Amino acid sequence: MPGHRIGTILAVIGGFLTLAGVTLYVLPGPGLPLLVLGLITLTVGLATLTETRRNKTSGPHHDRNRELT
């Protein structure tokens, strides 16, 4: 599985976990662990997306002009 797909999946799951954690934190319930887990997962997913995008566009074989034609 490509790195950008893994990053996207982690970011989406992290977003849902964060949303559920915020909801449980506001309502009476143990939402703090879920909120922290969601934020960590979201951060790792976004970092993975950023790193794979950098690797894709900064390689020695990447030609920006080829994409425009």
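The values are calculated or read from the model by the stated rules, or taken from the named source; none is laboratory data. None of the values given here were measured: they were computed from a predicted structure. Quick reminder, even Gly has a Cβ in these numbers, built from the backbone with ideal geometry, and neighbours come from all protein chains shown.
Against the definition (in contact with a Ser or Thr (Cβ under 6 Å, 6 or more places away or on another chain), in a helix (DSSP H, G or I), at pLDDT 90 or above and not β-branched (Val, Ile, Thr)), how does Gly14 come out, yes or no?
On the way: in contact with a Ser or Thr (Cβ under 6 Å, 6 or more places away or on another chain): yes; in a helix (DSSP H, G or I): yes; at pLDDT 90 or above: yes; not β-branched (Val, Ile, Thr): yes.
When the stated conditions are applied, Gly14 passes them.
Residue by residue through segment 16-50, note down the ones that are crowded, with 16+ Cβ neighbours inside 10 Å, under 8 Å from the mean Cα position of the chain (by Cα) and among the small types (Gly, Ala, Ser).
Answer for segment 16-50, where residues must be crowded, with 16+ Cβ neighbours inside 10 Å, under 8 Å from the mean Cα position of the chain (by Cα) and among the small types (Gly, Ala, Ser): just Gly45.
Being surrounded by 13 or more Cβ atoms within 10 Å (Cβ to Cβ) and either in a helix (DSSP H, G or I) or at pLDDT below 90 (or both), is that true of even one residue in segment 52-60? Walk me through how you get there before you give the answer.
Filtering segment 52-60 for residues surrounded by 13 or more Cβ atoms within 10 Å (Cβ to Cβ) gives 52-53.
With either in a helix (DSSP H, G or I) or at pLDDT below 90 (or both) added as a condition, the list becomes 52-53.
There is at least one residue in segment 52-60 that is surrounded by 13 or more Cβ atoms within 10 Å (Cβ to Cβ) and either in a helix (DSSP H, G or I) or at pLDDT below 90 (or both).
Can you pull out every residue in segment 17-32 that is in a helix (DSSP H, G or I) and either free of Cβ contacts under 8 Å to residues at least 12 places away in the same chain or of a type in the set (Lys, Arg) (or both)?
Applying the first criterion (in a helix (DSSP H, G or I)) to segment 17-32 yields 17-26, 32.
Hits for segment 17-32 are Thr23, Leu24, Tyr25, Val26, Leu32.
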